[in-house]
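Q: Structure provided below as structure tokens; questions to follow.
Nothing in this text is a laboratory measurement; each read-out follows from the coordinates by a stated rule. Source: prediction; values computed, not measured. Cβ placement follows ideal geometry from the backbone for every residue including glycine, while neighbour counts extend to all protein chains displayed.
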Amino acid sequence: MSKARIVRQISATGAAVATLVLAGPAPAQAATAATPASACQGICIVDARTGAHPDFDRLVFDLHGTGLPRVESTTNTTGDYAAGGSGEERRLQIPGKSYLLLDISGEAHALSSGLDAYSTPAVQPVSLPSLKGVQLTSSGYEGHVTFGLSLGDYSRYQVSTLTGPNRVVVDIYH
């Protein structure tokens, strides 16, 4: 494999690329369409993309707005997760040898309960050595957005938040 970075765009592009808003409470109205990134208040996840590198796979969540979110991660071997708010146990749809669950939340921001504007496919297969899929598992229960990553063989992972531009980066080492 060459050292060139292979990038696979997960989400749709264009002005209608939408967000999961980690912002203050929204007006009491139902959102029927995706909210453009330019309308984002607080912190918004606007895109997810992957790349293959010689020693690791990378998942990047591009952010819009001000500030960086807090990210907590856990692993499991079953792919089971509790659906936000209901407590109902569910399983990630893309099979893997193990699973990485990410909980992304804002420091001083709460997720708009009436706005679910994430336009990237909720379940996205990925064909990389260590990363097999990305799934949105909860989009805003009590200010948290959660994702499940289906993994193949990997040795370790690292989650970082970076600025310039703001993003959440997950490296999964082979």
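Q: With Cβ to Cβ distances under 12 Å as the rule, what net charge do the other residues near L102 carry (K, R +1; D, E -1)?
A: -1
Q: Now for a separate question. Using a 10 Å cut-off on Cβ atoms, rank the peptides 91-101, 150-160, 70-80, 43-53 from the highest mean neighbour count down.
A: Ranked from most to least packed, the peptides come out as 43-53, 91-101, 150-160, 70-80.
Q: So, one more: May I ask for the net charge around H64, where only other residues with Cβ less than 15 Å from the Cβ of H64 are counted and Lys, Arg are +1 while Asp, Glu are -1?
A: Values: positive: R49, R167; negative: D47, D62.
Once all neighbours under 15 Å are counted, the net charge is 0.
Q: Let me ask something else about it. Taking 0.36 nm per residue of sequence separation and subtracting the Cα-Cα distance, how much length would be gained by fully extending the chain between Q93 and Q158, in nm to one decimal?
A: Extra length available between Q93 and Q158 comes to 21.1 nm.
Q: Sticking with this one: Express in nm, to one decimal, how much length is gained between D55 and H174 on full extension, taking 0.36 nm for each residue of separation and deducting their alpha carbon distance.
A: Separation in residues times 0.36 nm, less the Cα-Cα distance, equals 42.3 nm.
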